[in-house]
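What follows is a single structure, written as structure tokens, with notes after it.
The values are calculated or read from the model by the stated rules, or taken from the named source; none is laboratory data. This one's a predicted model, so the numbers in the text were calculated from it and none came from an experiment. Because the Cβ atoms are built from the backbone with ideal geometry, glycine has one as well, and the counts that use them run over all protein chains shown.
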Amino acid sequence: MSLLSVENLTVHFRTRRGFSGKSAAVVYAVDGVSFSIEAGETLALVGESGSGKTTVAEAVLQLNTPTAGTICLDGVDLAKLSRRDRLAMKHRVQIVFQDPYSSLDPRMTVHDLVAEPLHAGKRMRPADVDSRVLSLLEMVGLGTQHLWRRPHEFSGGQCQRIAVARALAVDPDLVVLDEPTSALDVSVQARILVLLQELKQELGLAYLLIGHDLAVVESVADKVAVMYSGRLVEAGDAAEVFHRPRHPYTAALLASVPSPDPEVRSQLGVLQGDVPSSVNPPEGCRFHPRCAYRMPICETTMPEMRLVDGGTTRACHLPDDALPSAGAGDGGSDWIESSQLFIDEGVEASADSAAAAAAVLDGRPIDPLGLLNEKDRR
Ligand code: SF4
């Protein structure tokens, strides 16, 4: 049995109009998302801003109410618990926020910040609270000299250590890491990541990591689930997904990561356009307005997640053995037919684009996302 099992999670919000409070529109934030996390495992949810990953995390933390679907912790459906039991379960899932400064009350001392969750649980003697706070601080690399200081006296990395100690105070099984290093300096990021990995091994913790920094995700995640416009598009073992992406969106996302190596061709801008509005998502595959591989079926039929190979699942109408190209010049697949391709009519034809188009028509691999318009101009 999985520690956390999320089945067909759907979260829709209704927006309200002005003072009348009348319902104006439905926001399709999350649609039919399923995944599981085993004890001691790290699952990363990745995707662009607006893809719905934070809404999923909030649902797991019981900070919003799902429209449909189930969230089970150790096989227990959280929605079926009484209020009191649900509160007890809440302690088993904690969160470390992105910005350590805004997640800590600046008026409180470190001692009180770390002790606060302890008071919410079972009653403890003051001496036991003090000793538990100190042991938590030592666990995250701080000590007695930090006990009575306030957050503004610490660096960002130290504040994030305090936030981690606070999250661990109630002995959680699962910690949601909401971009835990994105507000920190690069040198500090590595130390926090090492700390999180050490704590995971020492305490047997499982992590649900929300992230868009793919380098961070690759370094810590066991499994990855890629979200786009409220839906999962690819999920699997992290090494498999990063080295052999099966979904055009994952491939484009990975190709967009800048490389410090000047020999490596930059793919910046390879993923053009924005995540569509959650109020009015496109019909069919939600990625089709930006996808260079789209086919007529993509515009009308939503692809379901299905197993391809290597234990990876993806939601795409491409044949199971067809892999998207990771970018230009990488020797991508040659199964694309010219009838499925679109040249942006708004771009003046250049020698480069003509050469590339010829290469496509000859059935040779190209960088389609760099060439094509994201709008439907067929
Ligand atoms: S090929 Fe079709 S189904 Fe697959 S990602 Fe592109 S638009 Fe979506």
Any residue at all in the stretch 163-182 that's farther than 19 Å from A206 by Cβ and among the aliphatic types (A, V, I, L, M)? no
Can you report the number of residues in the stretch 281-304 which are buried (at least 21 other Cβ atoms within 10 Å of the Cβ) and either more than 12 Å from the ligand (Cβ to nearest atom) or not in a loop (DSSP other than H, G, I, E, B) (or both)? 3
Neighbours by Cβ (under 8 Å, 6+ apart or cross-chain): first from the stretch 271-297, closer than 19 Å to D31 by Cβ and assigned by TED's automatic domain parsing to the domain that holds R231; second among the β-branched types (V, I, T) and away from the ligand (no atom under 12 Å from the Cβ): S278/V27; V279/T15; V279/V26; V279/V27
Count of the stretch 36-53 residues which are crowded, with 22+ Cβ neighbours inside 10 Å and outside any strand (DSSP E or B): 4
Residue check, S131 in a helix (DSSP H, G or I), among the hydroxyl-bearing types (S, T, Y) and over 27 Å from G211 (Cβ atoms): yes
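Counting just the residues of the stretch 157-183 that are within 18 Å of the chain's Cα centre (by Cα) and among the hydrophobic types (A, V, I, L, M, F, W, C), which one comes out surrounded by the fewest Cβ atoms within 10 Å (Cβ to Cβ)?
Residues of the stretch 157-183 within 18 Å of the chain's Cα centre (by Cα): 174-183.
If we keep only those that are among the hydrophobic types (A, V, I, L, M, F, W, C) as well, we get 174-177, 183.
Numbers: L174: 21, V175: 23, V176: 23, L177: 26, A183: 18.
It comes out as A183.
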So D112, is it over 30 Å from F154 (Cα atoms), free of Cβ contacts under 8 Å to residues at least 12 places away in the same chain and either part of a loop (DSSP other than H, G, I, E, B) or not basic (K, R) (or both): no
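What do you reckon, is A25 assigned to a strand (DSSP E or B) and more than 20 Å from the chain's Cα centre (by Cα)? Don't jump to the end; show me each part of the working.
Details: assigned to a strand (DSSP E or B): yes; more than 20 Å from the chain's Cα centre (by Cα): yes.
Answer is yes for this residue.
For the stretch 185-195, which positions are crowded, with 22+ Cβ neighbours inside 10 Å and farther than 19 Å from L137 by Cα? Break it down into steps so the answer makes sense when it comes.
Within the stretch 185-195, the subset crowded, with 22+ Cβ neighbours inside 10 Å is 192.
Within the stretch 185-195, none qualify.
If I ask for residues that are exposed (fewer than 15 other Cβ atoms within 10 Å of the Cβ) and out of contact with any helix residue (DSSP H, G or I) (no Cβ under 7 Å at 6 or more places or on another chain), which ones from the stretch 131-154 would you list? Working first, answer last.
Kept after step one, since they are exposed (fewer than 15 other Cβ atoms within 10 Å of the Cβ), are these residues of the stretch 131-154: 131, 135, 138, 143-145, 148, 152-153.
S131, S135, E138, Q145, H152, E153 - these are the residues of the stretch 131-154 that are exposed (fewer than 15 other Cβ atoms within 10 Å of the Cβ) and out of contact with any helix residue (DSSP H, G or I) (no Cβ under 7 Å at 6 or more places or on another chain).
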Which of the residues belonging to the stretch 81-94 are modelled with pLDDT of 90 or more and either hydrophobic (A, V, I, L, M, F, W, C) or part of a helix (DSSP H, G or I) (or both)? V93
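Among the residues of the stretch 124-153 satisfying the criterion of being in contact (Cβ under 8 Å) with a residue 40 or more places away in the chain and not aliphatic (A, V, I, L, M), which is nearest to K200 (Cα to Cα)? Working first, answer last.
Initially, the stretch 124-153 is screened for residues in contact (Cβ under 8 Å) with a residue 40 or more places away in the chain, giving 139-141, 149-152.
From what's left, not aliphatic (A, V, I, L, M): 141, 149-152.
Numbers: G141: 15, R149: 27, R150: 27, P151: 25, H152: 28 Å.
The selected residue is G141.
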Just checking, how many residues over the stretch 305-317 are modelled with pLDDT of 95 or more and in a loop (DSSP other than H, G, I, E, B)? 2
Could you please let me know if Q98 is under 22 Å from the mean Cα position of the chain (by Cα) and assigned to a loop (DSSP other than H, G, I, E, B)? yes
Within the stretch 162-195, how many residues turn out to be closer than 20 Å to H111 by Cα and outside any helix (DSSP H, G or I)? 4
Report, by residue number, each residue of the stretch 59-77 that is surrounded by fewer than 19 Cβ atoms within 10 Å (Cβ to Cβ) and not in a strand (DSSP E or B). L61, Q62, L63, N64, T65, T67, D74, G75
